[in-house]
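A.B. asks: Please read through the structure below; I'll follow up with questions.
Quick note: the coordinates plus some simple rules give every number you see, no bench work behind them. Predicted model only: the values in this text are computed from it and were never measured. No Cβ is skipped: glycine too gets one built from the backbone with ideal geometry, and neighbour counts run over all protein chains shown.
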Amino acid sequence: MDRRSAAHHLTRTALALAGFVLASCGGQQSALDSAGIQSERLESLWWLFFYVLGTIYLIVMAVLVVALIRRRRADSATPPEIAPNEGRERRMGNTIKAAVVVSAIILFTFMVISFRTGRAINTLSQAASPVSIKITGNQWWWDVQYEDINPSQNIHTANELHLPAGRPIKVELQSNDVIHSFWLPNMHGKKDLIPNYPTTFFFEADKPGIYWGQCAEFCGYEHAKMRFLVVVQTPDEFDAWVAAARQAPPPPTDPAAVRGQQIFLTSVCTQCHTVQGTTAAATVGPNLTHVASRQYIAAGSLQNTREHLASWITDPQKIKPGIRMPMNTYSDDDLNALVAYLETLK
Ligand code: CUA
């Protein structure tokens, strides 16, 4: 490759890379596309750091380049410099002093601004009547409980949060096994879920839409497949969702689904899962009461379709090796009936 085409190649690679980096700066799982008042604060802080530190970096690099270009071209014939040039020494000393003072001022300013951002983020904790959600981390899925003053009105679900826009959300985090981290970048910074050490934090979602969250602390084999979907709705839509989620699903009427329910209730499924209104009441795995209304299964790993449900039930170890759900062998008829039943759980 000649020099020109090498330079051309380098430019193209740099452009492609810049495009890739910039493209990842937005969307449903990005701290730079804030959808809540906390993340707005964090985003402004991030951009402030980016511009100031980016400018300083460019200045330092420019000074370095100038210094390299101006370096003396000494050779063996050049007489050595023995006496220091006092004027130049003084100028250099002053430049360094000035640079130290400017750095100190910038760092101090950043410290004050970061501190103020941290305080502003915490002011929501005084909010009245927040939506209260208890989230428990499990290897590798999220247990979600909406708590009501009247416990019979609690909603139990998994891996999918519904939030009303513009209302404060109180989240209580805990873990059933190892340390996880709840990260919903469009709304808030990361928060750890630590076994035996519940933590509470507040945030608010302002823009209706779909967002993705992710476990942000390495927690074992399927850490990357420990995602959660967040549906931010208008207050009316949210109230409708709450009303529906509080009802146990009606018993199936379709013959296949009726048979599917019998299979479900007499199989190993009931050793791990709950379906409200039936005898299945175990809490080892995700609550399936309204599984058909969720958009994804397997903690955000698969879209919730018939085919995916069937392959998940048959061989979950192929999709998420290492999870606690075992393989299940059913005849095609039984599997179809089981999926038909699960699809009634809306
Ligand atoms: Cu849970 Cu990583």
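A.B. asks: Does Asp143 count as without any contact (Cβ under 8 Å) to a residue 40 or more places away in the chain, out of contact with any helix residue (DSSP H, G or I) (no Cβ under 9 Å at 6 or more places or on another chain), assigned to a strand (DSSP E or B) and within 16 Å of the ligand (Cβ to nearest atom)?
C.D. replies: Details: without any contact (Cβ under 8 Å) to a residue 40 or more places away in the chain: no; out of contact with any helix residue (DSSP H, G or I) (no Cβ under 9 Å at 6 or more places or on another chain): yes; assigned to a strand (DSSP E or B): yes; within 16 Å of the ligand (Cβ to nearest atom): yes.
Judged against the criteria, Asp143 is not a match.
A.B. asks: Next question, about the same structure. Mind listing whichever residues of the stretch 74-110 are part of a helix (DSSP H, G or I) and among the aliphatic types (A, V, I, L, M)? Break it down stepwise before answering.
C.D. replies: From the stretch 74-110, those part of a helix (DSSP H, G or I) are 86-110; that's our starting set.
Those that are part of a helix (DSSP H, G or I) and among the aliphatic types (A, V, I, L, M): Met92, Ile96, Ala98, Ala99, Val100, Val101, Val102, Ala104, Ile105, Ile106, Leu107.
A.B. asks: Which count do you get for residues in the stretch 294-319 that are surrounded by fewer than 18 Cβ atoms within 10 Å (Cβ to Cβ) and in a loop (DSSP other than H, G, I, E, B)?
C.D. replies: Result for the stretch 294-319: 3.
A.B. asks: For residues that are in contact with a Pro (Cβ under 8 Å, 6 or more places away or on another chain) and of a type in the set (Lys, Arg), tally how many sit in the stretch 242-281. Don't jump to the end; show me each part of the working.
C.D. replies: From the stretch 242-281, those in contact with a Pro (Cβ under 8 Å, 6 or more places away or on another chain) are 258, 260-261, 268, 273, 275-277; that's our starting set.
Checking which are of a type in the set (Lys, Arg) leaves us with none.
Residues in the stretch 242-281 being in contact with a Pro (Cβ under 8 Å, 6 or more places away or on another chain) and of a type in the set (Lys, Arg): 0 in total.
A.B. asks: Here's something else I'd like to know. Residues being touching a residue at least 40 places away in the same chain (Cβ under 8 Å) and either closer than 20 Å to Ala128 by Cα or surrounded by fewer than 21 Cβ atoms within 10 Å (Cβ to Cβ) (or both): count how many of those fall in the stretch 156-185. Let's see the steps before the verdict.
C.D. replies: If we filter the stretch 156-185 for residues that are touching a residue at least 40 places away in the same chain (Cβ under 8 Å), which is where we start, we get 156-168, 170, 172, 174, 176-180, 182, 184-185.
So of that shortlist, the ones also either closer than 20 Å to Ala128 by Cα or surrounded by fewer than 21 Cβ atoms within 10 Å (Cβ to Cβ) (or both) come out as 156, 162-168, 170, 172, 174, 176-179.
The total comes to 15.
A.B. asks: Another one. Counting just the residues of the stretch 191-236 that are acidic (Asp, Glu) and under 22 Å from Gly118 (Cα atoms), which one comes out farthest from the ligand (Cβ to nearest atom)?
C.D. replies: Of all residues in the stretch 191-236, those acidic (Asp, Glu) come to 192, 204, 206, 217, 222, 236.
After this cut, where a residue has to be under 22 Å from Gly118 (Cα atoms) as well, the list is 192, 204, 206, 217.
Working: Asp192: 10, Glu204: 24, Asp206: 27, Glu217: 5 Å.
Here the answer is Asp206.
A.B. asks: Looking at Gly322, Gly260, which is the one that is more than 25 Å from Lys225 (Cβ to Cβ) and either aromatic (Phe, Trp, Tyr) or in contact (Cβ under 8 Å) with a residue 12 or more places away in the chain (or both)? Full working, then the answer.
C.D. replies: Numbers: Gly322 fails: more than 25 Å from Lys225 (Cβ to Cβ).
Only one candidate passes the filter, namely Gly260.
A.B. asks: Sticking with this structure for a sec: For the structure I just gave you, tell me whether Ile133 is away from the ligand (no atom under 16 Å from the Cβ) and part of a helix (DSSP H, G or I). It would help to see each step written out before you state the result.
C.D. replies: Values: away from the ligand (no atom under 16 Å from the Cβ): yes; part of a helix (DSSP H, G or I): no.
Against the criterion (away from the ligand (no atom under 16 Å from the Cβ) and part of a helix (DSSP H, G or I)), Ile133 does not qualify.
A.B. asks: Before we move on, is His188 touching a residue at least 60 places away in the same chain (Cβ under 8 Å), under 25 Å from Ala243 (Cα atoms) and away from the ligand (no atom under 16 Å from the Cβ)? Steps first, answer last, please.
C.D. replies: Numbers: touching a residue at least 60 places away in the same chain (Cβ under 8 Å): yes; under 25 Å from Ala243 (Cα atoms): no; away from the ligand (no atom under 16 Å from the Cβ): yes.
So His188 fails the test.
A.B. asks: Residues of the stretch 320-333 being surrounded by fewer than 16 Cβ atoms within 10 Å (Cβ to Cβ) and either more than 16 Å from Trp141 (Cβ to Cβ) or touching a strand residue (DSSP E or B) at 6+ places or on another chain (Cβ under 6 Å) (or both), which ones? Step through it out loud before you land on a result.
C.D. replies: Filtering the stretch 320-333 for residues surrounded by fewer than 16 Cβ atoms within 10 Å (Cβ to Cβ) gives 321-322, 324, 326-327, 329, 331-333.
The answer is Met327, Thr329, Ser331, Asp332, Asp333.
A.B. asks: Inspect all residues belonging to the stretch 282-292 and state whether any of them is buried (at least 16 other Cβ atoms within 10 Å of the Cβ), closer than 29 Å to Gln153 by Cα and over 27 Å from the mean Cα position of the chain (by Cα).
C.D. replies: No, that holds for no residue.
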